[in-house]
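In what follows, a single structure is set out as structure tokens and then discussed.
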Amino acid sequence: DTLREPLLVLTDDLQIIAASRAFYLKFRLDAGQAIGTNLTDLGNGRWANAELVRLLNDVVPDHATLEDYEITHDFPQIGERTVLLNARKIFREGNSTKTLLLAIEDVTERRLLEAERDRALDQSNQLLTELNHRVMNSMSMIGSVISMEGRAQSDLECRAAFTRLRTRIEAIGTLYRVLSRTGAVDRV
């Protein structure tokens, strides 16, 4: 009862023989609804996942473990949740116990935050690409205006100054383009 994560103790045929207080609170069940019930009948059959049952049935005889098996279910009292399941056979020296522990970790909020983070990252990457495109267009336009102004000058020294200015802007544009293509913005 002190565990913060929901925990079930199951027989080898997946009958629930004990459950943690966190399990009852999380899934809004009471002991009368869980103890003695087959896991596949729990929550009006919402736990009847064929792959999960197959994996749990392999845990006890094969001394296997079930690690971070992720399922998404629409549970009757709490709605759609994504949970990670971990199962192990209860083992004691010289004991032929055929029970297993099933720990349940609700990762719904974590998955939502990860999806939100991924969307924000995609959006920022799109924004960065658009910004890069606009900066490159602006640099090109500035270079063209400087070139046009330089050609309009009759003084050769003034023309040379405009040419040097345009060359420097093109060099900055080239550097910017190379950095944006390589993604190596942390070093020049």
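On the accessible surface of the chain, probed at 1.4 Å, how many percent belong to carbon and sulfur atoms?
It is 53 percent, rounded to a whole number.
To test your reading of the geometry: what angle, between 0 and 90 degrees and rounded to tens, separates the Cα axis of helix 50-62 from the longest principal axis of the chain? Compared with the principal axis, the helix lies near 60 degrees.
Across every direction, the projection of the convex hull enclosing the Cα atoms of the chain has a mean area of 17.7 nm². Mean residue ellipticity at 222 nm, helices only, the chain: -18000 deg cm²/dmol; runs of at least 4 DSSP H residues each add -39,500 (n - 2.57), and the sum is divided by the number of residues.
Given +1 at the Cβ of Lys and Arg, -1 at the Cβ of Asp and Glu and no other charges, the dipole of the range 71-185 around its Cα centre is 400 debye to the nearest 20. Could you list log10 I(q)/I(0) for the range 32-92 at q = 0.27 Å⁻¹, which the Debye formula gives when each Cα is one point scatterer? Normalising to I(0) and taking log10 leaves -1.24. Dipole orientation for the chain: of the candidates Leu101, Leu3, Gln126, Gln126 has the Cα lying most toward the positive pole (charges on Cβ; Lys, Arg +1; Asp, Glu -1). Which angle from 0 to 90°, rounded to the nearest 10, does the C-alpha axis of helix 108-152 make with the longest principal axis of the chain? Tilt of helix 108-152: around 10 degrees.
The range 123-177 and the range 1-36 have Cα centres spaced 69 Å apart.
Note on the range 1-104: Rg/Rh from Cα positions, Kirkwood definition for Rh, rounded to two decimals, is 0.94. Label sites at Ile78 and Asn132, each approximated as a point 7 angstrom past Cα along Cα to Cβ, lie 4.3 nm apart.
The values are calculated or read from the model by the stated rules, or taken from the named source; none is laboratory data. As the structure is a computational prediction, the values presented were derived from the model and not from experiment. Please note: Cβ atoms are built from the backbone with ideal geometry, for glycine as well, and neighbour counts cover all protein chains shown. The protein model used for the area step is the full one, side chains on, heavy atoms only, and it has no ligands, DNA or RNA in it. Shrake-Rupley method; radii C 1.70, N 1.55, O 1.52, S 1.80 Å.
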